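Down below is the structure, laid out as structure tokens.
The values are calculated or read from the model by the stated rules, or taken from the named source; none is laboratory data. Since we're looking at a predicted model, the values are computed, not measured. Cβ placement follows ideal geometry from the backbone for every residue including glycine, while neighbour counts extend to all protein chains displayed. For the accessible areas, the whole protein counts, side chains as well, though only heavy atoms, and no ligand, DNA or RNA atoms are used. Shrake-Rupley method; radii C 1.70, N 1.55, O 1.52, S 1.80 Å.
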Amino acid sequence: MKVPLLDIKQQNQLLRKQIEAAIGRVLDTNAFILGDEVEALESELAEFCQVKTAIACASGSDALLLAMMALGVGQDDEVITTPFSFFATASAIARLGAKPVFADINPDTFNIEPDDLESKISPRTKAIEPVHLYGQCAEMDKIMEIAESNKIAVIEDAAQAIGALYKGKQAGSIGHIGCFSFYPSKNLGGMGDGGFMTTNDPETAARLKSLRVHGARERYFHDYIGINSRLDGFQGAVIRTKLPYLNDWTNRRRQNAETYQRLFNEAGLSERIKTPVEIECNFHIYNQFVIRVPALRDRLRAYLAENEIGTDIYYPIPLHLQKCFEYLGYREGDLPESERAAKEVLALPVYPELTNSQIEYVVSKITEFFKMKA
């Protein structure tokens, strides 16, 4: 049996006629950059995310960069974030001449540890950037309390977390700005790059809208030095087509995660792997279903590949140990939980169209592997 890590084709084929009709609307209007489809999408996203304003842009990476720009992050500032994340989390900071400061993660959730975060605050700290990794929110109450007591802005990197809840609040609605991605592998993915930002502050919203079009408040009148980061009409139309299905897809992901948990428990593998931990106050959307394999992770992955089961490692090298960040002076051992996670994590297929028989096959092959290694 073949089980890919992700099967985007199934989802897109099911919606093919609707997507083609949506693309046709853009062809009819020639609104290829921003336009009515993107404006309508922004309104729908704001409602979904429980915020006043959503602002679309060209990618999730740009969303983070624009958020930093809107909050005035610049030369010699510091932004505290996690080293266990996708590269864009830290690159947005460095591109503006600011310094990424890394705090370690909670080993259960893989999200930034608030106590370690607090210890990294300095007079130069301009913002805190928690990441809601794999689809589960960071401890936002503690993070917001720390931020407010130190008068520091919070940018939520929610690229993997659209629809995730923290104490009933949507990811991206708690901090000053939320940042999301429409990369095709995301729970709400487009057919190319795309992203958006959320905020409840009208002034911040206006600045973000301006910054994405070269800092212009109207054509040829520039209040800021911005960038070119506009969502195209085709992506807006495609994502609008998919948005009504998102809650159903999320529920299917959660059902798949529950099936994995049950089957792993029945297989008695608790000493060989650790399954995801969902904190009680959270609603996890499982952008990824990530297990920890304290020993033999890479050999298990190779065995699964031999049996046509797709997996991936998010992320094999924490950001503080990346070559491009050598100048920051971090050394191996500085952030032990992030480093340990990088050696143990393994993402398994969890997409909505995954069948129970496919999940059973994945678990059976993992069980088979460890029986051979007993």
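Summary of values
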{"quantity": "Options Q13, Q18, Q50, Q75: the member that is under 21 Å from G215 (Cβ atoms) and not hydrophobic (A, V, I, L, M, F, W, C)", "calculated": "Q75"}
{"quantity": "Scan of the stretch 8-48 for residues that are part of a helix (DSSP H, G or I) and of a type in the set (G, A, S), ordered by number", "calculated": "A21, A22, G24, A40, S43, A46"}
{"quantity": "Matching residues in the stretch 144-194 - criterion: being charged (D, E, K, R) and open to solvent by 20 Å² or more (accessible area, probe 1.4 Å)", "calculated": "E145, E148, K151, K167, K169, K186, D193"}
{"quantity": "M144 being touching a strand residue (DSSP E or B) at 6+ places or on another chain (Cβ under 6 Å) and within 30 Å of F289 (Cβ to Cβ)", "calculated": "no"}
{"quantity": "Checking N30 against (1) at pLDDT below 95; (2) within 21 Å of A159 (Cα to Cα); (3) among the polar types (S, T, N, Q), the condition it does not meet", "calculated": "(2)"}
{"quantity": "I285 being open to solvent by less than 50 Å² (accessible area, probe 1.4 Å) and either of a type in the set (K, R) or assigned to a loop (DSSP other than H, G, I, E, B) (or both)", "calculated": "yes"}
{"quantity": "Test: residue in the stretch 229-249 that is modelled with pLDDT of 95 or more, over 24 Å from L14 (Cβ atoms), of a type outside the set (D, E, K, R) and crowded, with 18+ Cβ neighbours inside 10 Å", "calculated": "yes"}
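Yes or no, residue by residue, for (1) closer than 26 Å to Y224 by Cα; (2) out of contact with any helix residue (DSSP H, G or I) (no Cβ under 9 Å at 6 or more places or on another chain); (3) buried (at least 20 other Cβ atoms within 10 Å of the Cβ):
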{"position": "Q11", "(1), (2), (3)": "no, no, no"}
{"position": "E20", "(1), (2), (3)": "no, yes, no"}
{"position": "I23", "(1), (2), (3)": "no, no, no"}
{"position": "V26", "(1), (2), (3)": "no, no, yes"}
{"position": "A31", "(1), (2), (3)": "yes, no, no"}
{"position": "S43", "(1), (2), (3)": "yes, yes, no"}
{"position": "M69", "(1), (2), (3)": "yes, no, yes"}
{"position": "Q75", "(1), (2), (3)": "yes, yes, no"}
{"position": "A98", "(1), (2), (3)": "yes, no, yes"}
